[in-house]
Amino acid sequence: DIGSPGYSATKCLVPGVQKLIDMGIADPKAVGLHGHSWSGYQTAFVITQTNIFAAAIAGAPVSNMTSAYNGIRWESGLARQFQYEKSQSRIGGSLWEKPGLYIENSPVFFADRINTPLLIMFGDKDGAVPWYQGIELYLAMRRLEKDCVFLQYREEPHHPQKYANKLDYSIKMKQYFDCLLYTSPSP
């Protein structure tokens with residue numbers, strides 16, 4: 001819905017997960033959520049609205065639309081404003097026209113509501129989403145004494161490209177979910 005990308009994601013995702021639980025397909029105590037980029041944003045936002053997930057992993061999420069709005073997409077040189085106003089985020093206006101919607105759709109402003117353990121991943125050369133977006137959410141969660149892990153891959157773009165880092169991230173994601181969803185030992 002225009003003006004509410006975070007709530008729209010929650011409204012679409014949670015009933016589907018609940019249906020899988022009701023059907024006996026998913027264990028209500030062991031449902032994990034993973035997303036990257038736009039779905040990384042959705043992951044970070046959805047866990048501010050529900051406790052249905054036992055663990056979540058957000059790769060390259062925008063966490064604060066107010067601070068990301070006036071940035072640049074480093075790989076293309078484009079100002080980021082367009083994607084918040086009319087493109088992917090669909091806020092429906094500029095930061096000055098609709099400041100409340102930018103705040104309402106930014107996970108960092110609701111970090112105090114997060115009870116789901118979260119792993120955040122970024123490459124420090126991300127040209128699409130500034131990696132400080134992950135730092136903002138990570139520091140907010142740490143300040144609030146929430147369970148959060150931050151993985152940062154040096155010299156990596158929006159998606160890790162080096163084989164060693166792809167492998168490392170895959171292993172760490174599996175370990176994170178195994179630990180929190182299946183009570184395997186903490187790595």
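The values are calculated or read from the model by the stated rules, or taken from the named source; none is laboratory data. Quick caveat: nothing in here was measured; it's all calculated off a predicted structure. With ideal geometry, Cβ positions are generated from the backbone for all residues, glycine too; neighbour counts draw on all protein chains shown. The accessibility values were calculated without ligands, DNA or RNA, using every heavy atom of the protein model including side chains. Shrake-Rupley method; radii C 1.70, N 1.55, O 1.52, S 1.80 Å.
Give segment 142-177 a look and list any residue that's more than 15 Å from ALA60 (Cβ to Cβ), assigned to a loop (DSSP other than H, G, I, E, B) and under 17 Å from the mean Cα position of the chain (by Cα), or say none.
LYS146, ASP147
I'm checking my understanding of the structure. Among residues of segment 110-122 that are out of contact with any Leu (no Cβ under 9 Å at 6 or more places or on another chain) and not polar (S, T, N, Q), which one is surrounded by the fewest Cβ atoms within 10 Å (Cβ to Cβ)?
It comes out as ARG113.
Being among the hydrophobic types (A, V, I, L, M, F, W, C), surrounded by 13 or more Cβ atoms within 10 Å (Cβ to Cβ) and in a helix (DSSP H, G or I): is that true of LEU139 here?
yes
For segment 33-45, name all the residues that are open to solvent by less than 30 Å² (accessible area, probe 1.4 Å) and out of contact with any Leu (no Cβ under 9 Å at 6 or more places or on another chain).
GLY35, GLY40, TYR41, PHE45
Could you please find all residues in segment 46-89 being out of contact with any strand residue (DSSP E or B) (no Cβ under 9 Å at 6 or more places or on another chain), surrounded by 15 or more Cβ atoms within 10 Å (Cβ to Cβ) and closer than 23 Å to LYS19 by Cβ?
THR48, GLN49, THR50
If the requirement is being under 28 Å from TYR169 (Cα atoms), in contact with a Ser or Thr (Cβ under 7 Å, 6 or more places away or on another chain) and small (Gly, Ala, Ser), which of these qualifies: ALA44, ALA26, ALA30?
Within the list ALA44, ALA26, ALA30, the selection yields ALA44.
Name the residues in segment 67-92 that are without any contact (Cβ under 8 Å) to a residue 40 or more places away in the chain and either touching an Asp or Glu at 6+ places or on another chain (Cβ under 7 Å) or at positive phi (or both), would you?
Within segment 67-92, just GLY77 meets the criteria.
Residue check: is PRO187 over 29 Å from ILE2 (Cα atoms) and modelled with pLDDT under 95?
It is true that PRO187 is over 29 Å from ILE2 (Cα atoms) and modelled with pLDDT under 95.
Looking at LYS125, LYS162, LYS146, LYS174, can you tell me which residue is open to solvent by less than 50 Å² (accessible area, probe 1.4 Å) and of a type in the set (Lys, Arg)?
After applying the criteria, what remains is LYS146.
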